[in-house]
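*Asks:* Have a look at this one before I ask anything.
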Amino acid sequence: MPLVDSLKALSSQLIVLHHLAFYGPMSDAAYRLMPTLIDWLYDHARAAVQVFLVIGGFLAARGLAPDGESIVVQPHRLVWRRYRRLALPYIFALLVCIVMAAMVRPWLPDGSVPHSPALAQLGAHALLLHDILGHEALSAGVWYVAIDFQLFALFVLILWLSGLLAKRAPQLRSIALWLVGTLALASLFYFNRHDSWDAWAVYFFGAYALGAFAWWASDLKRPSAMLGIVALLTGAALVVDFRERILVALLVALLLGASRRTSKLTDWQPPRPLIQLGQMSYSVFLIHFPVCLLINALWKHYLPADPLLGLLGMIVAWGASTLAGSQMYRWVESRIS
């Protein structure tokens, strides 16, 4: 699905740029050259995370309930496989970030450099419980890895339970759609409106479920009106409380659903480098922060606070992050089965 890879590629690059605008002295210097762009990256580029949430639900539905009926048999195996797939590259990147933070801390005495980790903090990160247990993040964006795992585990649990119910009562064979839809509405109308829930999957489940329903609604055996119903209900949630992140999630879900119904999901052929960027997007996401820390530290230590040099430093950090991500994908992520 080249469209999926393309969306992941663009979104991962936006997240790198968001963190470059958010952290470090280079963006402070470059701000005088292009305040509007840096403000936009600071305030809005983080919405690209919604693309990954929707794609996650889209692919999970394809693999676990392709026709809207659960095929989950051994949920613990699926959850363990997902943990391994997420956690091994993530732990590698965390170790890199811990070492890099220790190196640059004397040169960057500000809030962008994580503190030296305690043993409990390391354990919480390894178990993807750092936000739930209230530990400081050891790298930028690591909250997403924990949420991705929670969402997948929750989705697997819902599908497994729906499969058990359908076996006992065949008339409930579509119960998975109703259970996922009910929790999605609860997320969109309640949990996602309260930041106190943002360490838990229910806060993000609305976006994840939009991806799942994009897959189910894109089946040509289903009426095309199903996509319209998804849009209508999500639109109602936005009327109650407008959130840019939910609008982005809805637009991505509609794009994926419509593209599959019209065969554009598989037929469209973007440039090969864009597909490659999408394939290594997770590695880029994981490794870019320590790379940006290093380049920010070198810039601050050796160069004057010049706006043009700040902009050039951001561009170098952006390119270096992508290069480091490609190497991490090659030597770490792609070797994890």
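*Asks:* Note the angle between two axes, namely the Cα long axis of helix 244-261 and the longest principal axis of the Cα atoms of the chain, as a number of degrees from 0 to 90, rounded to the nearest 10.
*Replies:* In the chain, helix 244-261 runs at an angle near 60 degrees to the longest axis.
*Asks:* What share of all Cα pairs of the range 123-266, in percent, falls into each consecutive 10 Å distance bin?
*Replies:* Result, from short to long distances: 11, 35, 35, 17, 3 percent.
*Asks:* Continuing with this model, one more query. For the chain, go through all pairs of different Cα atoms, get the mean of 1/r, take its inverse, and jot down that Kirkwood value in Å. Write down the numbers at each step before the final one.
*Replies:* On the way: mean 1/r = 0.0477 Å⁻¹.
Computed over Cα pairs of the chain, the Kirkwood hydrodynamic radius comes out at 21.0 Å.
*Asks:* By average Cβ neighbour count within 10 Å, what is the ranking of 317-329, 131-143 from highest down?
*Replies:* Top of the packing list down: 317-329, 131-143.
*Asks:* Angle, helix 225-240 long axis vs. longest principal axis of the chain, Cα atoms, 0 to 90°, nearest 10?
*Replies:* Approximately 50 degrees, to the nearest ten.
*Asks:* Treat each spin label as a single point 7 Å out from the Cα along the C-beta direction, and report the residue 110 to residue 308 distance in nm.
*Replies:* About 2.2 nm, to one decimal.
*Asks:* Give me the extension gain from residue 224 to residue 268: residue separation times 0.36 nm, minus the current Cα-Cα distance, reported in nm with one decimal.
*Replies:* 13.8 nm
*Asks:* Compare the Cα positions of 286, 44, 320 along the charge dipole of the chain (+1 at Cβ of Lys, Arg; -1 at Cβ of Asp, Glu; about the Cα centre) and return the one farthest towards the positive end.
*Replies:* Towards the positive end, the residue furthest out is 286.
*Asks:* How would you order 47-54, 145-152 from highest to lowest mean count of nearby Cβ atoms within 10 Å?
*Replies:* For the peptides 47-54, 145-152, the packing ranking is 47-54, 145-152.
*Asks:* On a C-alpha basis, how far is the centre of the range 255-307 from the centre of the range 64-87 in Å? Whole number, if you could?
*Replies:* Taking the Cα centre of each part, the range 255-307 and the range 64-87 sit 27 Å apart.
*Asks:* On a 0 to 90° scale, report how tilted helix 49-64 is relative to the longest principal axis of the chain, with both axes built from alpha carbons and the result rounded to the nearest 10.
*Replies:* Computed tilt is about 40 degrees.
*Asks:* Still on this structure, I have one more. With charges only on Cβ, +1 for K and R and -1 for D and E, what is the dipole size of the chain about its Cα centre, in debye, rounded to 20?
*Replies:* On the way: 25 positive and 18 negative charges, 244 e Å.
Charge dipole of the chain: 1180 debye, to the nearest 20.
*Asks:* So what is the relative contact order of the chain, in percent, for Cα pairs below 8 Å that sit 6 or more residues apart?
*Replies:* 33
*Asks:* On to the next question. What length, rounded to one decimal in nm, is gained on full extension from residue 39 through to residue 335, with 0.36 nm per residue of separation minus their alpha-carbon distance?
*Replies:* The span from residue 39 to residue 335 would gain 102.7 nm if fully extended.
*Asks:* Can you list the residues of the range 177-220 with backbone N under 15 Å from a point 7 Å past the Cα of residue 62, pointing along Cα to Cβ?
*Replies:* Output list for this probe position: 211-220.
*Asks:* FRET efficiency for residue 169 and residue 316, Cβ-Cβ distance as r, R0 = 41 Å, nearest 0.05?
*Replies:* For residue 169 and residue 316, the calculated efficiency is 0.10.
Read-outs: derived from the displayed coordinates by stated rules, not from any lab. From a predicted model like this one, the values you see are computed outputs, not experimental measurements. We place every Cβ from the backbone using ideal geometry, glycine too, and count neighbours over all the protein chains shown.
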